[in-house]
Amino acid sequence: MHQDLDANTAESASVPSFDLHHGALGVATEAVGKTRKAVAIVLEGVGEARLDPNSGCAFWSVKDWSVFCAASSHDLRVGRPVAATDTSDRDMSELLWCLGYHTSAGRLPLGVSRVAVVKLLQWPNLSRLPHTPDMHRLCALFARRPTSLHLAGKLLDIDAAQIFRFFSAAYAAGYVSMPNRAFGMPAADSLTATELSTPHSESSLGVMLRQLWSKMSGR
Amino acid sequence: MQKKIIFAGPVGAGKTTAIASISDIPVVATEGAATDEVALRKARTTLAMDYGVLRLPDGGQVHLYGAPGQDRFDFMWEILTAGGIGLVLMLDHARPDPIADLDHYFEMFAALIERSEHAVVVGVTRMDLCPRARIDPIRKHLLAKGINVPVYEVDAREREDVRQLLLGLLSLLDPAVRRFR
């Protein structure tokens, strides 16, 4: 599910970053990618999560996600789940999205460059997952054409922290691929500076859509 | 021409309820007593269409049309979709074969989907009634057809859920997203 990441590049060194192998996210991704064994992750007084890579199911009950995801491996109790999966369980990828989203806190995973090109393989179930309104637009763009995180921010006028958080969640959940990873170097986006800077007049439909977006997103 | 968002899907999927949840006016519903097999599920059903409105700051409106779910009203669908900018397809997860429903409505509304460049979102309702319900099979079915669009779990009675569906649809229509291929 998870592709290997490059070692740090000069580009990624300047971007706020976090370690994917840290804490609850690290435990979960190791269970999914390596051990393939069911695991329960508990932080006393804060929450618990359990997942089973074989059934693809997960359960979680977390009072404070920021505390849960910031906890180091030493503070977590990790072991085999006592309870079997039941009907209240949800798709495991949704737990991974939550862990990626909250662990990121607006940072990128170590080794990921903001000019790396990203493709959305499937839309997340955003009605049931933490997200911002602009993350719908990021999904639409990355599904439509592979684009770099940097260019996505320019095209959609979305701040880097949101984009990094989106990528981290989607990457943890397995919803994105990075088409240029095989070469280890970020691919240059095909858009030219001229295309980016060319102003586009807004149609009446565009005006309507912008107003409706503002109404629905509450901004 | 009116700018419309069309709500479609099988009987009982939550189209009328979803429009009522989000509309800025009370929904104009053309209901009547259900007399066929629908009566086994609910007492009343949409006969022609449902109508709601989203009001915009400049005085403009976006019209919400709910298509009747029964196939014998399918002659209405083409009329309703004229001027449609996108489709909200509601699926009832408690029906025997939601994926067959998905295929059926994608076929019936193919012209609108194509004209709008795949501006379609899928809202899956009544998942709380189905143990171990997952939207993943529906999403995978669409992906196998090369269709990568939002598939969201929703409760049509919840305005917040319907709002998420519309945000998904609007993001597909966003000129900044569509500007580059």
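The values are calculated or read from the model by the stated rules, or taken from the named source; none is laboratory data. Source: prediction; values computed, not measured. Note: ideal-geometry Cβ built from the backbone for every residue, glycine included; neighbour counts use all protein chains shown.
Only one of the numbered conditions (1) buried (at least 23 other Cβ atoms within 10 Å of the Cβ); (2) out of contact with any Pro (no Cβ under 6 Å at 6 or more places or on another chain) is not met by residue B:121, and that is (2). When B:83, B:69 are screened for being in contact with a Lys or Arg (Cβ under 8 Å, 6 or more places away or on another chain), more than 14 Å from chain A (Cβ to nearest Cβ) and either surrounded by fewer than 23 Cβ atoms within 10 Å (Cβ to Cβ) or at pLDDT below 90 (or both), only B:69 passes. The condition of being at the interface with chain B (Cβ under 10 Å from one of its Cβ atoms) and out of contact with any Phe, Trp or Tyr (no Cβ under 8 Å at 6 or more places or on another chain) holds for residue A:141. In the set (1) loosely packed, with under 15 Cβ neighbours inside 10 Å; (2) at pLDDT 70 or above, residue A:190 fails one condition alone, (2).
Summed over the stretch B:134-181, the residues that are within 8 Å of another protein chain (Cβ to nearest Cβ), surrounded by fewer than 19 Cβ atoms within 10 Å (Cβ to Cβ) and in contact with a His (Cβ under 8 Å, 6 or more places away or on another chain) give a count of 2. Residue count for the stretch A:43-64 under the criterion of being free of Cβ contacts under 8 Å to residues at least 40 places away in the same chain, more than 14 Å from chain B (Cβ to nearest Cβ) and closer than 22 Å to residue A:128 by Cα: the result is 10.
A quick yes/no check of all residues on (1) modelled with pLDDT under 95; (2) surrounded by fewer than 12 Cβ atoms within 10 Å (Cβ to Cβ):
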{"residue": "A:158", "(1), (2)": "no, no"}
{"residue": "A:178", "(1), (2)": "yes, no"}
{"residue": "A:186", "(1), (2)": "yes, no"}
{"residue": "A:201", "(1), (2)": "yes, yes"}
{"residue": "A:206", "(1), (2)": "yes, no"}
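Being in contact (Cβ under 8 Å) with a residue 12 or more places away in the chain, part of a strand (DSSP E or B) and β-branched (Val, Ile, Thr) narrows it down to one of A:82, A:78, A:67, so name that one.
The match here is A:78.
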